[in-house]
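> Please read through the structure below; I'll follow up with questions.
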Amino acid sequence: MLAKRIIPCLDVRDGQVTKGIRFLENVDVGDPVAMARYYYEQGADEIVFYDITASNERRGIMLDVVRAVAREIFIPFSVGGGLRTLDDMRAVLLAGAEKVSIDSGAVRSPNLIAAGARAFGSQCVVLSMQVKNTGVRPEIPTGYEVVIDGGRQPTGRDALAWSLEGERLGAGELCINSIDRDGTKLGYDLDLTRRISEAVSIPVIASGGAGEPAHLRDAFTHGLADAAIVASIVHYGEHPIPELKSYLKSNGVEIRDAVTIDLGAR
Amino acid sequence: MIAIVDYKAGNLASVKRALEYLGHECEITDRPEKIVAADRVILPGVGAAGATMENLRALNLVDVLRNDVARAGKPFLGICIGIQVLLDRSEEDRADCLGIIPGHVTRYPRSLDGCPLKVPQIGWNRVRQARRHPVFTGVPDNTHFYFVNSYYPIPDDPSATIASCDYGVTFAAAVAKGNVLATQFHLEKSGSAGLKMLDNFCRLNF
């Protein structure tokens, strides 16, 4: 049986992780490579880097980070944030990321999903969306609306319809981030996650709101998520990944037992 | 020298990085003479069976892989699409494949017991070692490995299956026949367990 994935998300600006990890010793908490290695060793199933670099001139720094991470992290990792063109996607994949996560860029130009899937394969293309509950109305039948530009800009697109459209265009996975829950520690939006997961036949990643181990359990059981993004719940040391995994395991959720095998002297 | 076969697909560099991390000399190449001269050969990658076979044909690598690698006894490792094209044929693109291991490749069912099954399978799944094989040295049974696949191999000879896995159906996750070895899962993305198997392959004497 396929294991549910736990995916720590690292926000990176100008090559530095913006949210520190308080509990880490002997690790440069600003260094994305060191932090990725830490989570890799802790048993993360995948890692997401979200590039929040504001200026285009400094985007090359992220590619250096990706190259450095790829040399020593041997689990899948994806990169998102500000990817707008096929060339942006190609650069990240060539630097060593397994997947790219596209968000506002895909809303502005849905063909980016199809072009990315054709060029690199669907398994490389994660369609990520920021979702806000703006109320049920004819153009938003579920009440869940896709927003872009950090949640400021409504799009008039229904999250469920956009998910189906993304799948049809060739996205390999969907990452559903609830803006309403993001940073609240109230738990993932289970209704939103479940409705999308039931409707599509590609994996769905829940994002936004994890504050307790039970929130992950609920995302996987009630929310039918295939994977869950974790940020502050792990970044501040309250619930390290091994603890989350043993909690989930004891609650009957299929998870990956991370093994560390000695590879000998290299 | 380990040759990583370049057939114009993605994901070749990640195998190279993993081998370099392990300290094994390797080169990504599409040149037949380099593959013939290599000590070991790896066919990795993600992609579709039809396009993979087309590219291998266009590069004149089909006979090289069949004769100068598989039949000549050179240690050979296929990963992901590299296991699927080893068999006779694939349902994907109705492709005629390398025929190095007798059998065929088919798609996962779309649903199981009335519940939809998500295809492709993306993520970590438990791999049961069906028999002892030196490539598993130091790797515990039932370890999770990383999979990304919509199709799976069915070897004609069940004893070719050295590891199996469940996703809607029970399928061959790794096969071996003499000097030829292949895994459906991504060794280069499966953490230290995957690295250990890659390292074992690079050190095996067949």
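Read-outs: derived from the displayed coordinates by stated rules, not from any lab. In this text the structure is predicted, and so the values were computed from the model without any measurement. Here the Cβ is made from the backbone with ideal geometry for all residues, glycine too, and neighbour counts use every protein chain on show.
> What is the magnitude of the charge dipole of the range B:1-116 about its Cα centre, with +1 placed on the Cβ of each Lys and Arg, -1 on the Cβ of each Asp and Glu, and no other charges, expressed in debye to the nearest 20?
Working: 14 positive and 16 negative charges, 13 e Å.
Computed about the Cα centre, the dipole is about 60 debye.
> OK, next. Which value results for Rg/Rh of the range A:5-250 when Rg is the Cα radius of gyration and Rh the Kirkwood radius based on the inverse mean 1/r? Don't skip to the end; give the middle numbers.
Numbers: Rg = 16.9 Å, Rh = 17.9 Å.
Using only Cα positions, Rg/Rh for the range A:5-250 is 0.94.
> Could you let me know the centre-to-centre spacing of the range B:130-162 and the range A:33-56, using Cα atoms, in angstrom?
30
> Let me ask something additional. Can you pull the one-decimal nm distance between simple spin-label points at A:Glu254 and B:Ala37, each 7 Å off the Cα toward Cβ?
It is 4.7 nm.
> Also, I was wondering about something else. Select from A:Ser197, A:Gly187, B:Leu12 the residue farthest towards the positive end of the dipole of the protein assembly as shown; place +1 on Cβ of Lys and Arg, -1 on Cβ of Asp and Glu, and compute about the Cα centre.
B:Leu12
> Something else: What is the dipole size for the protein assembly as shown, taken about its Cα centre, with +1 at each Lys and Arg Cβ and -1 at each Asp and Glu Cβ, in debye to the nearest 20?
Numbers: 52 positive and 58 negative charges, 91 e Å.
Roughly 440 debye for the protein assembly as shown.
> While we're looking at this one, here's another question. Relative contact order (percent) for the range B:81-182, with alpha-carbon contacts under 8 angstrom and 6 or more residues of separation? Please report the intermediate quantities before stating the final value.
Details: 204 pairs, mean separation 26.8, N = 102.
Normalised by residue count, the contact order of the range B:81-182 is 26 percent.
> While we're on this one: Kindly state, to the nearest 0.05, the FRET efficiency for B:His133 paired with A:Leu224, given R0 = 25 Å and r defined as their beta-carbon distance. Before the final figure, lay out each step's value.
Working: r = 37 Å, r/R0 = 1.46.
Efficiency, from the Cβ-Cβ distance: 0.10.
> Under the definition of partner shielding as Cβ atoms of other protein chains within 10 Å of a residue Cβ, what is the mean value for peptide B:115-123? List each step's numbers first, then the result.
Numbers: counts 0, 5, 2, 9, 3, 8, 2, 14, 12.
Other-chain Cβ atoms within 10 Å of each residue's Cβ, averaged: 6.
> I need the GluC sites (Glu not before Pro) found in the range A:65-160, filtered to DSSP loop residues with at most 15 other beta carbons within 10 Å of theirs.
Values: sites: A:Glu72, A:Glu98, A:Glu139, A:Glu145; in loops: A:Glu98, A:Glu139.
Sparse-neighbourhood loop GluC sites (Glu not before Pro): A:Glu139.
> Need one number: nm distance between label points at B:Arg107 and A:Asn111, each 7 Å from Cα along Cα→Cβ, rounded to one decimal.
Rounded to a tenth, the inter-label distance reads 2.7 nm.
> Please sort by residue number the GluC sites (Glu not before Pro) in the range B:1-81 whose DSSP state is loop and whose Cβ has at most 12 other Cβ atoms within 10 Å. Intermediate results must be reported in sequence, preceding the final value.
Working: sites: B:Glu20, B:Glu25, B:Glu27, B:Glu33, B:Glu54; in loops: B:Glu25.
Filter output for the range B:1-81: B:Glu25.
> Provide the FRET efficiency to the nearest 0.05 for the B:Arg94-A:Leu263 pair, computing r from the beta carbons and using R0 = 41 Å. Show your work: numbers first, answer last.
Numbers: r = 41 Å, r/R0 = 1.00.
Given R0 = 41 Å and the Cβ-Cβ separation, E is 0.50.
> Among the listed pairs A:Lys99/B:Lys177; A:Lys4/A:Lys132; B:Lys34/B:Lys196; A:Lys4/B:Lys8; B:Lys118/B:Lys177; A:Lys99/B:Lys8, give every one whose C-alpha distance is greater than 29 Å.
Checking Cα-Cα distances, A:Lys99/B:Lys177; A:Lys4/B:Lys8; B:Lys118/B:Lys177 exceed 29 Å.
> Kirkwood hydrodynamic radius of the range A:82-123 from all distinct Cα pairs, in Å? Can you show the working numbers first?
Details: mean 1/r = 0.0992 Å⁻¹.
Over the range A:82-123, the inverse of the mean reciprocal pair distance is 10.1 Å.
> Looking at chain B only, what percent of DSSP beta bridges run antiparallel? Nearest 5 please.
Values: 29 of 45 bridges.
Counting only bridges with both partners in chain B, antiparallel ones make up about 65 percent.
> Simple spin-label model, 7 Å along Cα-to-Cβ: A:Thr184 to A:Ser232 in nm?
Result: 1.3 nm between the two label points.
> Let me ask another. Please report the orientation-averaged projected area of the range B:43-200, defined via the convex hull of its C-alpha atoms, in nm².
On the way: hull surface 34.7 nm².
Computing the convex hull of the Cα atoms and averaging its projections yields 8.7 nm².
> As a footprinting exposure proxy, order B:Ser159, B:Ser150 by other Cβ within 10 Å, with the fewest listed first.
Numbers: B:Ser159 11, B:Ser150 15.
By the 10 Å Cβ count, ascending: B:Ser159, B:Ser150.
> Next question, about the same structure. Against the empirical 2.2 N^0.38 Å scaling, what ratio does the C-alpha Rg of the protein assembly as shown come to?
Working: Rg = 21.6 Å, N = 472, 2.2 N^0.38 = 22.8 Å.
In units of the globular-protein estimate, the protein assembly as shown measures up at 0.95.
> I've got another one for you. By count of other Cβ within 10 Å, fewest leading, how are A:Ser128, B:Ser164 ordered? Kindly include the intermediate steps, with their values, before the conclusion.
On the way: A:Ser128 27, B:Ser164 16.
Starting with the residue having the fewest Cβ neighbours, the order is B:Ser164, A:Ser128.
> Could you compute the FRET efficiency for A:Ile61 and B:Asp157, with r as their C-beta to C-beta distance and R0 at 51 Å, rounded to 0.05? Working shown, then result.
Working: r = 52 Å, r/R0 = 1.02.
Plugging the Cβ-Cβ distance into 1/(1 + (r/R0)^6) gives 0.45.
> Karplus couplings for the range A:30-37 from phi (6.51 cos²θ - 1.76 cosθ + 1.60, θ = phi - 60°), rounded to Hz, Gly and Pro as x?
After applying 6.51 cos²θ - 1.76 cosθ + 1.60, I find x, 8, x, 5, 5, 5, 5, 4 Hz.
> If you don't mind, another one. For the range B:102-206, which trypsin sites (Lys or Arg not before Pro) pass both filters: DSSP loop (anything but H, G, I, E, B) and at most 14 other C-beta atoms within 10 Å? Before the final figure, lay out each step's value.
Details: sites: B:Arg107, B:Arg110, B:Lys118, B:Arg126, B:Arg128, B:Arg131, B:Arg132, B:Lys177, B:Lys189, B:Lys196, B:Arg203; in loops: B:Arg110, B:Lys118, B:Arg131, B:Arg132.
Counting only loop positions with at most 14 other Cβ atoms within 10 Å, the trypsin sites (Lys or Arg not before Pro) in the range B:102-206 are B:Arg110, B:Arg131, B:Arg132.
> Right, next: Distance between the C-alpha centers of the range A:170-249 and the range B:20-71? Whole Å please.
That distance is 40 Å.
> Hey, could you get me the Stokes-Einstein D for the range B:1-135, Kirkwood radius over alpha-carbon pairs, 37 °C and 0.692 mPa s, rounded to whole µm² s⁻¹?
Reported coefficient: 205 µm²/s.
> Follow-up question, since we're still on this one. If you plug each phi of the range A:198-207 into the Karplus form 6.51 cos²θ - 1.76 cosθ + 1.60 with θ = phi - 60°, what whole-Hz ³J(HN,Hα) values come out, in order, with x for Gly and Pro?
My calculation for the range A:198-207 gives 5, 8, 10, 10, 10, x, 10, 10, 7, 8 Hz in order.
> Extension gain A:Leu164-A:Glu139, at 0.36 nm per residue separation less the Cα-Cα distance, in nm? Let's see the in-between values first.
Numbers: separation 25, 0.36 × 25 = 9.00 nm, distance 1.50 nm.
7.5 nm is the gain from fully extending A:Leu164 to A:Glu139.
> Within 10 Å of each Cβ in peptide A:253-261, how many partner chain Cβ atoms are there on average? Round it to a whole number, please.
Values: counts 0, 4, 2, 10, 6, 6, 10, 3, 12.
Mean inter-chain Cβ contacts per residue within 10 Å come to 6.
> Additional query: Under a 5 Å amide H to amide H cut-off, with H placed in plane at 1.01 Å, what residues pair with A:Asp51 once short-range neighbours are removed?
A:Val12, A:Gly80, A:Gly81
> Over all residues in B:186-195, what is the mean tally of Cβ atoms on other chains that come within 10 Å of each residue's Cβ?
Numbers: counts 4, 1, 4, 7, 5, 13, 10, 5, 3, 4.
Mean partner shielding for this stretch: 6.
> On to the next question. Among A:Glu198, A:Glu41, B:Glu92, what is the fewest-to-most ranking by other Cβ atoms within 10 Å?
Values: A:Glu198 11, A:Glu41 14, B:Glu92 21.
Fewest-to-most ranking of A:Glu198, A:Glu41, B:Glu92: A:Glu198, A:Glu41, B:Glu92.
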